[in-house]
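The values are calculated or read from the model by the stated rules, or taken from the named source; none is laboratory data. Bear in mind the structure is a predicted one, so any value in this text is a computation, not a measurement. No Cβ is skipped: glycine too gets one built from the backbone with ideal geometry, and neighbour counts run over all protein chains shown.
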Amino acid sequence: MPDPKVRGPGTGYLHQMRTSDLVVVVTGASSGIGRATALEFAGRGGSLVLAARREHALAEVARQCRERGGQAVVVPTDVADADAVRRLADVAVERFGRIDVWVNAAAVTIWGPFLDTPLADMRRVLDVDLLGTVHGAMAALPVMRGQGRGVLVNVSSVLGAVPQPYGSAYSMVKFGVRGLSGSLRQELRLERVRGVRVCTVLPSTTDTPLFGQAANYTGRAVRALPPVYSAERVASAIVSLVRRPRREVVVGPLGRALRAQAGLTPGLVERITAVHVDTMNLSRHDPAPATDGNLYEPAPGSGSVAGGWHGRRRTAIRQAAAAAAAVTALTIARRRRSAA
């Protein structure tokens, strides 16, 4: 039975939703943003349904959730499998009676020149990151529509607004996640489904294990492009979205600056991004062997929130401000040359 304490349609549910006592499904919950999000909701008394490929890692997350005051159920799931994701939704409803929030956070990635990237690996990124989000939406929305309420949160990326070189598959799927979210919002509006909201989160560079677990065909070691923000910061943004749903939220000042600037001077932003990725994301001094990373087999270990990139808020803000100022200066210089 639905929790009588949870407000229904017409009672302000969407405008001031309580973030305690929620039933929350999180995919990609074994590490990174998904794990941080599960722990954040658990700390507010939520009931978590945790999904990822690594059962032993999920068991550790579940233990941490219970220590924080939440409930937790572990459902090993490969989100590329539509039937498995439907079973995930069934477990949530069978155990807790409803789904208040569904967070699509599962992701893998691949680095490499487009023509050197194995097609099978690129397809796997599409299957997990994009179709995995599709599968999550297909599983969650019927439940939410039936109960008249719910928030679907799709985790995209700033790279879904500003593409990067050597990461074509990841940029492509993150653009796709934004497009899917927009289409779903429009359909819900046209069908007058007022109690269900679809929100998109666009994190800037985040300190997660994603970089270390990525497939890589560049021949160069991959590093996180500064400024680096904490996964907990993204998790906090997701909780805020659930409390007050909005279409899209960019996490990190640099991401907000880049998205805004890309709307004004997309060509300039592409050139700057290309240089930064080539000189900062990919090491010129540390070679790396070709690897398919965790595309087909999950990484060993119990997982973690952070990836060891040591994001710091103050440093991130200073670097973001400097980067935004540089982009603005280049834009002004370009306009002056054009006017001369």
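So the values come out like this:
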item: Close pairs from the range 187-201: first surrounded by 17 or more Cβ atoms within 10 Å (Cβ to Cβ) and of a type in the set (G, A, S), partner assigned to a strand (DSSP E or B) and at pLDDT 95 or above, Cβ under 8 Å, at least 6 apart; result: G195/G150
item: Single residue of the range 151-174 satisfying the filter (touching a residue at least 40 places away in the same chain (Cβ under 8 Å) and small (G, A, S)) that is surrounded by the most Cβ atoms within 10 Å (Cβ to Cβ); result: S157
item: Qualifying positions in the range 277-289 - assigned to a helix (DSSP H, G or I) and crowded, with 16+ Cβ neighbours inside 10 Å; result: V277, N281
item: Failed criterion for G69 (all others in (1) crowded, with 23+ Cβ neighbours inside 10 Å; (2) in contact with a Gly (Cβ under 6 Å, 6 or more places away or on another chain); (3) closer than 19 Å to T19 by Cα hold); result: (1)
item: Subset of the range 81-101 [part of a loop (DSSP other than H, G, I, E, B) and surrounded by 19 or more Cβ atoms within 10 Å (Cβ to Cβ)]; result: R98, I99, D100
item: Residue pairs meeting the criteria (Cβ under 9 Å; at least 6 apart or on separate chains; first without any contact (Cβ under 8 Å) to a residue 60 or more places away in the chain and on the phi > 0 side of the Ramachandran plot, in the range 209-222; second of a type outside the set (S, T, N, Q) and part of a loop (DSSP other than H, G, I, E, B)); result: none
item: Residue that is surrounded by the most Cβ atoms within 10 Å (Cβ to Cβ) [pool: residues in the range 102-117 that are farther than 23 Å from R145 by Cβ and among the β-branched types (V, I, T)]; result: V108
item: Residue check, V158 under 19 Å from the mean Cα position of the chain (by Cα) and either under 21 Å from R259 (Cβ atoms) or aromatic (F, W, Y) (or both); result: yes
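A quick yes/no check of all residues on (1) out of contact with any Cys (no Cβ under 7 Å at 6 or more places or on another chain); (2) modelled with pLDDT under 95; (3) under 13 Å from N104 (Cβ atoms); (4) not acidic (D, E):
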| site | (1), (2), (3), (4) |
| --- | --- |
| D121 | yes, no, no, no |
| L130 | yes, no, yes, yes |
| A137 | yes, no, yes, yes |
| L141 | yes, no, yes, yes |
| G146 | yes, no, no, yes |
| P163 | yes, no, no, yes |
| Y166 | yes, no, no, yes |
